[in-house]
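Q: Just dropping this structure here.
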Amino acid sequence: MEVPPRIGRYRVERLLGRGAFATVWLAHDDDLGAPVAVKVLAAHWADHRRIRRRFAQEARMIRRAESPHVVQVHDIGALPDGRPFFVMGHADRGTLRDRLDGGPVPLAEAVRHVLQIAAGVAALHENGIVHRDLKPANILVRSLPDGGERLMVADLGIAGELAQTSGFTAPGGTPGYMAPEQLRPGFSPDARADVYGLAAVAHHLITGGPPGGTPGRVPSPVGDVIARALAEDREKRWPGVRSFAAALAEAAGEAPGEAGETSGNATGQARVTDRARRGLARRAELALAALAALVAVTGGGVLLTDNRDGEAFGRWLRPASDVPREYRAAIVEAGTWCTDVPGLSPALIAAMLKAESGFDRDLADDSTKEYGIARWTPEVLAPYLPASYSRSPMAGALDPEVAIPAMGRFLCTLGPKVRTVPGDPALNLVGVYRSSAATVRQAGGVPPRWREHAERVRAYLEAYRP
């Protein structure tokens with residue numbers, strides 16, 4: 001595979017890994033003087049709406065957790081060919097799978113690893129996210145200044161929302177680590193699927209292989225705790241990763257602690273106290289109770305909300321604005337499609353969408369043949385779709401995930417043609433979108449017919465700028 005010289009502003013050094021949906025590159029942030037990992041959607045999935053949506057969703061979910069034991073997203077962007085990417089901190093010690101190539105690890109070390117992973121998974125659960133694919137390859141290891149290390153949960157590509165209704169959650173996972181219910185059609189995995197996955201990782205750490213894949217045996221009482229977490233009937237498992245972690249720590253004589261990081265000179269930790277166990281269990285109970293209340297209120301079929309979601313795109317859009325959070329990734333993609341068109345920005349794209357449709361994805365104006373959130377006329381939209389996009393059915397192209405990025409392609413193509421036109425460059429782009437580049441040039445700015453519309457966009461633009 002050819003190594004790209006740069007991904008966005010990041011200088012690429014080498015390939016870190018490649019999966020079914022994406023590649024991960026080690027790169028360098030020259031502005032901050034730090035190594036980063038850049039995850040890029042694979043080329044053969046670039047025009048697949050559902051996969052693009054899930055790729056963007058992964059970045060949002062990672063950002064939402066805000067835990068030191070979940071790998072963090074620092075930036076997002078798109079390549080010139082339209083493929084999205086996001087930038088994460090670099091795990092300089094690889095993955096837990098790399099470490100397990102040498103066989104099992106000592107029991108005390110294995111338990112401390114599990115406690116760190118549990119802290120990250122708990123943060124996901126408390127934000128309404130089920131990982132569904134916990135395995136050693138998805139646990140990153142990063143060194144710490146004191147010589148210790150931190151484990152971080154990564155790769156949420158198939159993660160699902162806890163409150164999704166069954167039947168809409170695609171099955172997925174890795175054999176050996178996947179809970180039995182994940183193979184049952186129409187069965188929606190919940191937090192207990194991750195209890196199973198975490199226990200399978202613990203089994204691998206201690207014995208050298210996942211359950212059923214090695215003759216190794218986990219010694220009691222730790223083995224009893226793990227066996228309960230691996231119960232085929234999820235009702236018989238530990239109710240959550242926090243209660244599983246607390247029981248595992250007690251059985252092994254390890255203290256979970258708050259940070260859960262391995263010290264560079266750690267030789268062992270004191271047995272967990274009754275007070276610490278009660279506190280950990282109580283936090284787990286509170287988290288589960290809060291989740292149950294949310295699911296009860298929403299009827300179990302509505303995506304859990306989180307007020308921090310807007311922060312993921314706060315660099316481009318005002319978090320407190322009314323820009324729908326489910327469209328923000330596509331809006332940022334469109335507004336950053338190119339960097340040489342004056343006036344183009346995510347805030348402008350959001351303002352144009354507000355003025356065009358009020359963010360109504362189902363808008364249909366048969367009199368003008370304009371449809372969808374971006375009020376596209378299908379034959380006008382067609383040339384600005386990705387080259388490999390299927391033109392049939394056209395209705396799919398009007399979905400926000402496709403229609404909004406197409407606005408970026410449109411403005412990046414025609415915007416340079418009005419670069420020398422006087423007036424506000426952002427509003428001139430509005431005029432181009434509503435008429436044509438030739439009409440804007442002839443009018444010396446926004447055509448009279450569209451000036452009132454452009455002023456509405458100006459007002460929204462001021463409201464959406466960060």
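The values are calculated or read from the model by the stated rules, or taken from the named source; none is laboratory data. Worth saying up front: this structure is predicted, and the values here are computed from it rather than measured. Quick reminder, even Gly has a Cβ in these numbers, built from the backbone with ideal geometry, and neighbours come from all protein chains shown.
Q: Output yes when any residue across segment 56-68 is within 16 Å of the chain's Cα centre (by Cα) and modelled with pLDDT of 90 or more, and no when none is.
A: Yes, segment 56-68 contains at least one residue that is within 16 Å of the chain's Cα centre (by Cα) and modelled with pLDDT of 90 or more.
Q: Tell me the residue from A193, A227, A179, A200 that is more than 28 Å from A59 (Cβ to Cβ) and at pLDDT 75 or above, please.
A: A227
Q: If only one of L385, L363, L353, L344 is over 26 Å from P416 (Cβ atoms) and either touching a residue at least 60 places away in the same chain (Cβ under 8 Å) or not assigned by TED's automatic domain parsing to the domain that holds R64 (or both), which one is it?
A: Answer to the check: L363.
Q: When the residues of segment 45-76 are filtered to those that are out of contact with any helix residue (DSSP H, G or I) (no Cβ under 8 Å at 6 or more places or on another chain) and in a strand (DSSP E or B), which remaining residue is farthest from L398 (Cα to Cα)?
A: Step by step, filter segment 45-76, then rank; the result is H74.
Conditions tested, residue by residue: (1) of a type in the set (V, I, T); (2) in a helix (DSSP H, G or I).
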{"position": "P319", "(1), (2)": "no, no"}
{"position": "V323", "(1), (2)": "yes, no"}
{"position": "A329", "(1), (2)": "no, yes"}
{"position": "W337", "(1), (2)": "no, no"}
{"position": "A351", "(1), (2)": "no, yes"}
{"position": "A355", "(1), (2)": "no, yes"}
{"position": "D362", "(1), (2)": "no, no"}
{"position": "I373", "(1), (2)": "yes, no"}
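Q: Counting just the residues of segment 423-441 that are under 37 Å from the mean Cα position of the chain (by Cα) and not in a helix (DSSP H, G or I), which one comes out nearest to P342 (Cα to Cα)?
A: D424
Q: Residues in segment 335-353: is at least one surrounded by fewer than 19 Cβ atoms within 10 Å (Cβ to Cβ) and within 13 Å of R60 (Cβ to Cβ)?
A: no
Q: List pairs: first residue in segment 323-336 and farther than 19 Å from C412 by Cβ and of a type outside the set (S, T, Y), second residue modelled with pLDDT under 90 and in a helix (DSSP H, G or I) anywhere in the structure, Cβ distance under 7 angstrom, at least six positions apart or on different chains.
A: If the second residue must be modelled with pLDDT under 90 and in a helix (DSSP H, G or I), the pairs left are R325/D309; R325/G310; R328/F313.
Q: Among the candidates A110, A122, single out the residue that is under 16 Å from M61 (Cα atoms), buried (at least 20 other Cβ atoms within 10 Å of the Cβ) and over 16 Å from the mean Cα position of the chain (by Cα).
A: A122
Q: Does V40 satisfy the condition of being of a type in the set (V, I, T), within 19 Å of the chain's Cα centre (by Cα) and in a strand (DSSP E or B)?
A: The answer is yes for V40.
Q: Which residue pairs have Cβ atoms closer than 6 Å, lie 6 or more positions apart in sequence or on different chains, and pair a first residue in segment 112-138 that is more than 18 Å from Y177 (Cα to Cα) with a second residue that is of a type in the set (S, T, N, Q)?
A: Partner pairs satisfying both residue conditions: R112/T262; A123/S67.
Q: Among V141, V105, which is surrounded by fewer than 22 Cβ atoms within 10 Å (Cβ to Cβ), under 23 Å from the mean Cα position of the chain (by Cα), of a type in the set (A, V, I, L, M) and not in a helix (DSSP H, G or I)?
A: That would be V141, the only listed residue that is surrounded by fewer than 22 Cβ atoms within 10 Å (Cβ to Cβ), under 23 Å from the mean Cα position of the chain (by Cα), of a type in the set (A, V, I, L, M) and not in a helix (DSSP H, G or I).
Q: Out of all the residues in segment 188-220, which are farther than 20 Å from A251 by Cβ and part of a helix (DSSP H, G or I)?
A: A191, A193
Q: Which residues, taken from segment 415-438, are farther than 11 Å from L344 by Cβ and free of Cβ contacts under 8 Å to residues at least 60 places away in the same chain?
A: K417, V418, T420, V421, P422, G423, G431, R434, S435, S436, A437, A438, listed by residue number.
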